[in-house]
Amino acid sequence: MYLSNTLSVDPSQVTKIEVVKPTKMFDKMLYFLSAGLSSEKEEQETFTAVSILQHFNRVFRAMKITNLVRLTKDDFDFYFDELGKEDDLQEVMENFALETDKIESEVFENLYLVVEHEENGIKYLIEVEIKRRHKVGEYPINVKVNGVVTDFQREDNETIDSMKQKMESVFTSQNKYDHYIKEKKAIFDLFVSNLEQDIRKFIKVDNITQGTKVNIIRPKEPAHNVKTHRDIVYVEPIYHGYYGFAEVFFYAWLWSSMVHSHNIYVNNFYLVDESGSSVMSVGNDGFYAGQYDTMNPDAPFETPDTGDFSYYQNNEYQSELAEANVYSGDSGSGDSGGWFDSFGGSSDSSDSSSSSSCSSCSSCSSCGGGGD
């Protein structure tokens, strides 16, 4: 179990809307025949790299967040902390401002900022992605917040049995489990609320959208070692393997087996695979984890018979979900656009900011929501 939230930020400032010239031959023909009306358009933000990073520097300092993990401009790592250096945020931000000239600051395409913080029993990893160019209507700033509890941090050479014994108290009764989730989510929600307030304080915005998700990882097989995933495509920043997070995050790989073995009633959460991609979302009408192998890494994955579920594609269990025939309607995984779609915009129905496409098989209201 870990917590996540994405704050999508629409800053208040002038943007330029520009036509994107197509690259494919057929689209080029339509572009010239329609005098450019058939082409996609995109927004270009007017903020500079230095100015927007200075704003976020103020946001984080107001929250007493001082540990920078990574700062990337256009796929080039300006800074990457692989040693766990503390209180390096201000220094790196100042160096970036000094070493980035005016032209470089104005012509950037993407900025990527990762910071870490710990308070009230939760360790946070916060990833800020800033796109200068983006689709019309798409918010240019996304702030992903991951929270892992520090109660079960793995010690050096600690055994799996010892880890499970340390976690046992959470699973001894349904009331204790529900209380633990509720307590940690309340702490996380307060932190995210304070983060949103400070973003609004230091960055003029038109709107911010957000919603907390409780996530449970369903490993392909029982976890034995600390996992790091720096060389794979991942959805949430916590899977990247940043310094100091592997040991504190390890308990999350044991969580699904614990709820299964204790037959905990699970609801209002997202089941994710080993890279953080959504497998299914479970609404208020959940299921007893011990009655199915949905949560059991010792057995092949199966779907529950009844409940309030939505299922997703583009994850490690896609073939099992397809075989279970849980998808309904348009899966969103392919190009469903028609011949005339070029005149109305892109025919690509997928959202580049998400790695999973959702297909509801019931009346699940949690799809795309917060899993509250």
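Just so you know, all these numbers are worked out from the coordinates, no wet-lab data involved. The structure presented is a predicted model; accordingly, all values stated were derived computationally and were not measured. Cβ placement follows ideal geometry from the backbone for every residue including glycine, while neighbour counts extend to all protein chains displayed.
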Query raised in the report: Which of the GluC sites (Glu not before Pro) found in region 112-187 are loop residues per DSSP with 11 or fewer other Cβ atoms within 10 Å of their Cβ?
Result: Glu155
Report summary line: Here, chymotrypsin sites (Phe, Trp or Tyr not before Pro) of region 244-284 satisfying both criteria (DSSP loop; at most 11 other Cβ within 10 Å) are none
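DSSP loop GluC sites (Glu not before Pro) in region 50-91 with at most 11 other Cβ atoms within 10 Å of their Cβ, which ones? Mind showing how you got there, number by number?
Values: sites: Glu82, Glu86, Glu91; in loops: Glu82, Glu86.
Here the sparse-neighbourhood loop sites are Glu82, Glu86.
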**Report entry** Förster-model FRET efficiency, 25 Å R0, Asp87 and Ala62, C-beta, rounded to 0.05
**Finding:** 0.95
Report task. Would you grab the residues whose amide H sits under 5 Å from the one on Phe287? Only those 5+ places off in sequence or on another chain, please, with H modelled 1.01 Å from N. Result -> Val266
Query raised in the report: Counting pairs of alpha carbon atoms under 8 Å apart in space and at least six apart in sequence, what relative contact order in percent does region 42-168 give?
Result: 25
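If you stretched the chain out fully between Glu118 and Thr209, how much longer would it get, using 0.36 nm times the residue separation minus the C-alpha to C-alpha distance?
Separation in residues times 0.36 nm, less the Cα-Cα distance, equals 30.4 nm.
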Query - In Hz, Karplus ³J(HN,Hα) per residue of region 145-157 (6.51, -1.76, 1.60; θ = phi - 60°; x = Gly, Pro) - result: 10, 10, x, 10, 6, 9, 5, 10, 4, 6, 7, 4, 6
Requested in this report: Compute the distance in nm between two label points, each set 7 Å from the Cα along the Cα-to-Cβ direction, one at Ser169 and one at Asp77.
Outcome: 3.8
Report summary line: Listed by chain and number, the residues whose amide H is under 5 Å from that of Gln153, excluding neighbours fewer than 5 places away on the same chain and using placed H, are none
Report summary line: For the pair Ile187 and Glu106, the simple spin-label estimate (label points 7 Å beyond Cα toward Cβ) gives in nm 4.7
